[in-house]
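Everything below concerns the one structure shown next.
The values are calculated or read from the model by the stated rules, or taken from the named source; none is laboratory data. Being a predicted model, the structure only gives us computed values, none of them experimental. Note that each Cβ is placed from the backbone with ideal geometry, even for glycine, and that neighbours are counted across all protein chains shown. The protein model used for the area step is the full one, side chains on, heavy atoms only, and it has no ligands, DNA or RNA in it. Shrake-Rupley method; radii C 1.70, N 1.55, O 1.52, S 1.80 Å.
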Amino acid sequence: MHSETIIQVNGLTKRFGDFTAVNEITFKVDKGEIFGFLGANGAGKTTAIKMLIGLSKPTKGSGKVAGFDIEKQAEHVKKNIGYMSQKFSLYDDLTPKENIRFYGGIYGLSRNEIKTKTKEILEELDLKSVANKTVVSLPLGWKQRLAFAISMVHDPDIVFLDEPTGGVDPKVRREFWETIYQASEKGRTVFVTTHYMDEAEYCDRVSIMVAGKIEALDTPNNLKQQFNATSMDEVFLKLAR
Amino acid sequence: MIKIFWAFVKKEFYHILRDKRTLLILFGIPVALVLLFGYTVTTEFKDASIDILDYAKDDASTELINHLQSSGHFTVNKFISSEAEMDAGFKEGTSKLVVVIPNNFTSDFYDNNPITIQLITDGSDPNNANTLVQYATNMITTFQRNKLQQPENPFIINVEDRMLYNPQLVSAYNFIPGTIALILLIISAMLTSLTIAREKELGTMEILLVSPLPPLLIILGKVTPYALLSFIDAVLVLVLGYFVFKVPILGSTILLLFACLLYVITALALGTLISTVSKTQQDAMMRSLMGLMMPSMILSGFIFPLASMPKVLQVIGQIIPATYFIEILKGVMLRGVGLKFVIYEIGILTLTTFLLLFFTWKNFKIRLE
């Protein structure tokens with residue numbers, strides 16, 4: 001059973017002067033997949049993701065996200081994606097409620113939609129007790145889940161997570177992956193970058209980037225077989241050498 | 001679109017109202033600056049203590065000394081008897097000026113013989129020294145005129161000066177326009193560059209750029225609240241100046257407010273331009289303080305006259321928006337001139353604003369790619 005393609009990238013390249021950050025990468029992601037985008041720091045993950053979400057223009061190559069061309073139809077792409085960065089990017093001096101209201105507002109949600117969304121998120125994340133406290137006082141794990149929920153406030157087809165578990169302890173990381181699964185079960189595509197190799201095991205498929213190129217792309221199990229390794233960590237180490 | 005814009009403005013007001021530091025800068029600094037400048041930076045003086053070295057000790061010299069004291073500008077600290085004592089007063093700081101009256105003052109005075117009265121001041125404080133000498137010279141001239149009714153010698157040229165628009169040389173007339181220019185710059189330029197840099201630091205700017213919001217809307221949404229608050233500040237300073245320091249507003253109030261609005265927009269454009277090149281709040285702060293505040297204070301003609309500066313600094317002064325804004329303010333407030341007389345300055349400010357907005361827009365676009 002093969003579902004429709006939601007991200008399609010062909011020979012995508014980004015150069016900064018002489019330096020090629022992303023070197024002709026080609027891949028596709030199916031709808032509803034949890035797609036792991038792995039690589040060491042500086043391998044070109046963030047540059048690639050920036051091209052996909054319309055923050056950076058490719059030097060060469062093309063790509064389609066949610067059915068729209070990333071260069072010519074960037075505005076349409078932006079409407080159909082959610083994005084969460086490693087900084088969790090919430091407004092510290094606003095309450096969770098106000099954060100939800102603001103982000104709902106900039107995506108053009110109606111007052112009623114915002115109201116139901118707010119209720120939904122606060123209930124789901126069990127944040128009711130702190131709904132009117134400023135975000136700065138929340139524990140990191142709560143902020144992380146709130147940021148994730150907010151990145152999906154406008155019900156996007158795809159959500160891009162750029163190192164969403166950076167700096168969080170293992171227990172909280174596991175809990176966060178639970179919420180990623182929940183989102184995926186609702187049919188949402190999750191595109192996630194990480195450098196924690198244990199997290200790679202949670203993904204449906206992973207790609208591994210080394211020095212601007214995608215060196216491997218398959219399900220975690222197939223990759224382990226292919227590289228004759230017992231864990232993703234080993235796969236990665238073998239690739240990086 | 002309007003709804004999205006309002007969501008933005010509302011959020012921005014939350015930021016401002018919840019941050020005590022911003023509130024302090026917004027409303028504390030204007031009031032503090034006006035009061036500070038008002039009560040400390042003043043070129044007028046009262047009761048300057050002077051020493052008198054009276055060699056004559058006769059009727060006319062006593063009258064002259066009384067005349068000097070009657071003005072309220074001078075009080076006699078000490079009568080000294082020799083030049084050697086002069087120094088001591090200056091060194092101790094008890095005396096700012098020594099008036100030396102020569103021998104035979106009364107007879108020479110009524111006989112119309114030439115008399116030389118020496119005024120000796122402390123040159124280590126040149127501004128004060130100059131003002132003191134000016135005041136004293138004036139007093140002595142009036143004394144002579146009063147006593148002799150009219151100059152006996154028809155060949156003496158009498159200089160009579162009148163300071164138009166500010167006859168009493170009230171310093172508030174100078175610093176209120178200057179302070180408005182400075183405050184609007186601090187608030188509009190510094191705060192906007194800070195708030196945009198803050199979003200960059202937090203990473204929220206990235207989220208905003210990923211959203212379907214047009215960049216122009218992001219800038220406008222961030223800038224509008226500050227425009228409004230700066231404008232309120234301008235009015236606050238004008239009201240303080242009017243009621244506390246009695247600075248008049250002779251010209252059209254509407255023209256004045258329009259000029260303030262224009263200048264606010266210029267400053268906001270500067271602030272956003274600064275924010276496009278600075279990555280952190282600290283960076284933005286340094287750039288706006290060093291790049292805007294200092295030159296605007298020193299090179300705008302607010303504190304030091306432009307005409308007496310080296311050519312290079314004069315040219316720099318000519319491109320500082322505050323220079324033109326202060327010119328407009330002084331024209332409209334003190335001289336009561338209409339639009340016709342400040343159209344050149346308004347034109348320059350408008351042109352500058354458009355140029356700045358163009359660069360901001362261009363810079364912002366480049367950063368997206």
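Values computed for the structure shown
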| read-out | value |
| --- | --- |
| Residues with amide H under 5 Å from that of A:A211, placed H, sequence gap 5 or more | none |
| Residue (of B:F37, A:G32, B:V315) at the positive-pole extreme of the protein assembly as shown, dipole from beta-carbon charges | A:G32 |
| Cβ charges +1 (Lys, Arg) and -1 (Asp, Glu), total dipole of the range A:5-240, debye | 660 debye |
| At R0 = 41 Å, FRET efficiency that the Cβ-Cβ distance of B:N104 and B:L36 yields, to 0.05 | 0.25 |
| Average accessible area per residue (Å²) across the protein assembly as shown - probe 1.4 Å, nucleic acids and ligands excluded | 49 Å² |
| Counted charge near A:T219, where neighbours are those whose Cβ lies closer than 13 Å (Asp, Glu -1; Lys, Arg +1) | -3 |
| Charge dipole magnitude, Cβ of K and R +1, D and E -1 - the protein assembly as shown, Cα centre, debye nearest 20 | 2400 debye |
| Cα lying deepest toward the dipole's positive end in chain A, options A:L55, A:N23, A:G187, charges on Cβ | A:L55 |
| Cut-off under 5 Å, modelled amide H: who pairs with A:R205 long-range | A:I34, A:G36 |
| Cα gyration tensor category, rounded, prolate or oblate, for the range B:309-367 with a/c compared to 1.5 | oblate |
| Choice from B:I232, B:I254, B:I196 showing the highest fluctuation, given a GNM over chain B with Cα pairs closer than 10 Å | B:I254 |
| Separation between Cα centres of the range B:286-355 and the range A:92-126, rounded to whole Å | 46 Å |
| Charge dipole (the range B:48-148, unit charges on Cβ, about Cα centre) - positive-most of B:I140, B:A84, B:N103 | B:I140 |
| GNM result for chain A, Cα springs below 10 Å: residue of A:F19, A:F68, A:F227 fluctuating most strongly | A:F19 |
| Centre separation in Å (Cα based) which lies between the range A:190-225 and the range B:190-247 | 44 Å |
| Between helix A:170-185 and chain A: long-axis angle, C-alpha atoms, 0 to 90°, nearest 10 | 90 degrees |
| Per-q log10 I(q)/I(0), chain A, q = 0.13 Å⁻¹ (Debye; single scatterer per alpha-carbon; no solvent) | -0.81 |
| The range B:189-251 - charge dipole about Cα centre, Lys and Arg +1 at Cβ, Asp and Glu -1, debye rounded to 20 | 180 debye |
| The range A:171-213: C-alpha gyration tensor shape, a/c 1.5 cut-off, then a/b vs b/c | oblate |
| Rh (Kirkwood; distinct C-alpha pairs) - chain B, Å | 24.2 Å |
| Candidate residues B:H67, B:H15: accessible-area rank, largest first, probe 1.4 Å | B:H67, B:H15 |
| Rounded to 10°, Cα long-axis angle of helix A:111-124 versus longest principal axis of chain A | 70 degrees |
| Integer Hz, Karplus 6.51/-1.76/1.60 couplings in order for the range B:344-350, x for Gly and Pro | 4, 5, 4, x, 4, 4, 4 |
| Per-residue HN-Hα couplings for the range B:129-139 [Karplus 6.51, -1.76, 1.60; θ = phi - 60°; Hz; x = Gly/Pro] | 4, 4, 4, 4, 4, 4, 4, 5, 4, 4, 4 |
| For A:Y103, solvent-accessible area (1.4 Å; no DNA, RNA or ligand), Å² | 10 Å² |
| Fluctuation leader among B:L194, B:L64, B:L355 - chain B, Gaussian network, Cα springs under 10 angstrom | B:L64 |
| Tail weight of P(r) past 49 Å, computed on alpha-carbon pairs of the protein assembly as shown, percent | 37 percent |
| Long-range amide H partners of B:A48 with built H, under 5 Å | B:F74, B:T75 |
| Anisotropy class of the range B:100-152 from Cα gyration tensor, a/c 1.5 cut | oblate |
| Inter-label distance for B:A84 and A:F227, nm, one decimal - labels placed 7 Å from Cα along Cα-to-Cβ | 9.8 nm |
| For the range B:57-62, 3J(HN,Hα) per residue [Karplus equation, 6.51 cos²θ - 1.76 cosθ + 1.60, θ = phi - 60°, Hz, x = Gly/Pro] | 6, 10, 4, 5, 5, 4 |
| Principal-axis tilt of helix B:192-202 within chain B, Cα atoms, nearest 10 degrees | 40 degrees |
